1. Suppose the filter is surrounded by 16 or more Cβ atoms within 10 Å (Cβ to Cβ), hydrophobic (A, V, I, L, M, F, W, C) and part of a helix (DSSP H, G or I); does L220 pass it?
2. Say whether the condition of being outside any helix (DSSP H, G or I), within 18 Å of the chain's Cα centre (by Cα) and closer than 20 Å to G51 by Cα is met by at least one residue in the stretch 246-254.
3. Sort through R198, R204, R213, R291 and tell me the only one that's of a type in the set (K, R), touching a Leu at 6+ places or on another chain (Cβ under 6 Å) and surrounded by fewer than 20 Cβ atoms within 10 Å (Cβ to Cβ).
4. Name the one entry in R281, R231 that is without any contact (Cβ under 8 Å) to a residue 12 or more places away in the chain, among the basic types (K, R) and part of a helix (DSSP H, G or I).
5. Please tell me if F238 is surrounded by fewer than 16 Cβ atoms within 10 Å (Cβ to Cβ), in a helix (DSSP H, G or I) and hydrophobic (A, V, I, L, M, F, W, C).
Amino acid sequence: MKFAKAIPSFVLYGEAAPAAGRTDALHVEDIPTRSRKYLWKIASHRHGGQGQCVYVSSGAVSIELEGVRRDLSGPALIVVPAGTVHGFRFRTDTQGYVLTVDMKRLLGLAPTAQQALIEGLFTVARGLDLSASSALTARVEPLLERLLQEFRQPESLHAPISAWLACSVLWLFASGTQNAASTFTANSQDAERLRRFRQLIEDRYLRHWPVARYARQLNLSEASLNRLCRRLAGTTAFELLQERLALEARRRLLYVGGSVAAIGRELGFEDPAYFCRFFRRRMGVSPSVFRRRQADG
């Protein structure tokens, strides 16, 4: 644990968190912009609350993900979930893009039906060789270039175009790599444990199991499960459970008829008032207001 504490944490490499503590939902840059400044070497670090997708369109990169080192050549995709210790050494002719995203904030701009797929992209840190995925790269590269241009516009922080494009790019990556074999995966044992935990959540979240019960199913202590989730997913086990339940609540409010109370009962909330409080904590508005706004918009 002493080693983990020594790893620097940045919002963007070399940049500390803003004084207000709130980061942007999205940041986009090309690979040379920052890498050239650091002589093409990005030392080991982590991002506490942001995930990253690094798309290498051409050139080569040596990657470290949680102590696992591999080399990749473009086209390739490196997925870095929040909290993952990672570093890069790029060849000086490497081209591509780096997307840094606050998933909780960015996902709110994606269609509800597509949110789980995008979120699933960041389940495990891994590198993907896309040399056999010419259809995917042909679609995603123009979008990434357009995204970079939009992000550089003066009004980009207040306009939704960059976020919409980023959601489109992430959806393409998620859908286009579902069956792709990872060139390598960080800490394969821990990654497998996190995958099993997410699968358990998918199978059991309507039963409202406590975290301790999930941990027992995985032959882990509750503290070990939380450490695993913080390191690979950037959040706690309880928060992952709550996020999945909230996602299902949003889906059913949008696509399933019936009263708010009935939907709450379907999700395991016998008390309608408790369901409303849960939903308001997650979304900032009541279920009824959320449903009405989505219908109006």
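1. no
2. Among the residues of the stretch 246-254, not one is outside any helix (DSSP H, G or I), within 18 Å of the chain's Cα centre (by Cα) and closer than 20 Å to G51 by Cα, which makes the answer no.
3. That would be R291, the only listed residue that is of a type in the set (K, R), touching a Leu at 6+ places or on another chain (Cβ under 6 Å) and surrounded by fewer than 20 Cβ atoms within 10 Å (Cβ to Cβ).
4. Just one listed residue meets the conditions, R281.
5. Yes; evaluated as a whole, the condition is true for this residue.
Read-outs throughout are calculated quantities, based only on the coordinates presented, and are distinct from any laboratory measurement. Computed from a prediction, not measured in an experiment: that's the story for all the values here. Neighbour counts run over all protein chains shown; Cβ positions are idealised from the backbone, glycine included.
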